[in-house]
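What follows is a set of notes on a single structure, which appears directly below.
The values are calculated or read from the model by the stated rules, or taken from the named source; none is laboratory data. Source: prediction; values computed, not measured. Here the Cβ positions follow ideal geometry from the backbone for every residue, glycine too, while neighbour counts run over all protein chains shown. Side chains are part of the model used for accessible areas, which takes the heavy atoms of the whole protein and leaves out ligands, DNA and RNA. Shrake-Rupley method; radii C 1.70, N 1.55, O 1.52, S 1.80 Å.
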Amino acid sequence: MEFKPYWISVWVTPLILRWVLTRAQTSKARRKGGAVIFRSTGFVAIYGVSCVLALAMVIGGWNQDARTLTTLTGTIWLLSILLLWPTTVVLDGTGIKSKHIWRPTRFIPYSEIDYATRTANRETVICGKGSLPEIKVSQYHDGSDELEAELRKRHVTYY
């Protein structure tokens with residue numbers, strides 16, 4: 001029986017995902033100046049490596065006989081990772097911001113936050129009054145439990 005190295009990924013991928021999920025529950029939000037920054041550090045690392053691998057697939061695929069298929073697959077993979085890239089949520093003195101690498105930044109001042117709630121899957125949703133956008137903070141963000149305390153400190157109604 002011949003050893004196939006791709007079987008390593010079958011065993012390693014669940015371990016990496018478990019580490020990311022555990023780290024998201026135990027890590028703390030960063031404090032910088034008067035701001036509290038909630039990043040999804042584990043997923044950013046995984047997505048960054050995935051982008052490098054997709055780019056390598058596009059470049060390396062161009063030198064193979066399956067040029068079109070490999071290049072197209074790598075390009076679709078790279079674009080899908082960029083679409084799924086996690087946001088960074090920042091609480092500062094004026095309000096809450098949701099920053100993304102290519103989407104526009106969403107901002108809600110504290111006075112315009114209607115309420116915040118935690119869903120069954122531990123995702124926090126912060127709803128603005130009227131036509132203001134809602135900001136979602138996934139359970140995989142660093143310090144997701146810390147977010148509730150920070151919002152309560154800033155007199156945001158939390159359900």
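Tally the DSSP beta bridges in the chain and give the antiparallel ones as a percent, rounded to 5.
Rounded to the nearest five, the antiparallel share is 95 percent.
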Discussion item. At R0 = 22 Å, how high is the FRET efficiency between T13 and K99 if r is their beta carbon distance? Nearest 0.05 is fine.
Written reply: 0.20
Discussion item. If each DSSP helix of 4+ residues adds -39,500 (n - 2.57) and the sum is divided by the residues in the chain, what number results at 222 nm, nearest 500 deg cm²/dmol?
Written reply: -14500 deg cm²/dmol
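L84 to V125: extension gain in nm, 0.36 nm per residue of separation minus the Cα-Cα distance?
Details: separation 41, 0.36 × 41 = 14.76 nm, distance 1.78 nm.
Gain in length upon complete extension: 13.0 nm.
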Worksheet entry | ³J(HN,Hα), Karplus 6.51/-1.76/1.60, whole Hz, each residue of region 50-57, x for Gly, Pro | 5, 5, 4, 5, 5, 5, 5, 5
Discussion item. Can you give me the accessible area per residue for region 50-94, using a 1.4 Å probe, in Å²?
Written reply: 61 Å²
Practice prompt. Compute the relative contact order of the chain as a whole-number percentage, counting only Cα pairs closer than 8 Å that sit 6 or more residues apart in sequence.
Written response: 23 percent
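How much FRET efficiency would the formula 1/(1 + (r/R0)^6) give for A66 and K28, where r is the Cβ-Cβ distance and R0 is 41 Å, rounded to 0.05?
So the FRET efficiency works out to roughly 0.35.
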Worksheet item: Setting aside same-chain residues fewer than 8 positions from K153, which lysines have a Cα under 25 Å from its Cα?
Response: K28, K32, K97, K99, K129, K136
Item to complete: Return the Cα extents of the chain along principal axes one, two and three, sorted largest first, each rounded to a whole Å.
Response: 62, 33, 31
Worksheet item: With each pseudo-label sitting 7 Å past Cα toward Cβ, what's the H155-S50 distance in nm, one decimal?
Response: 4.1 nm
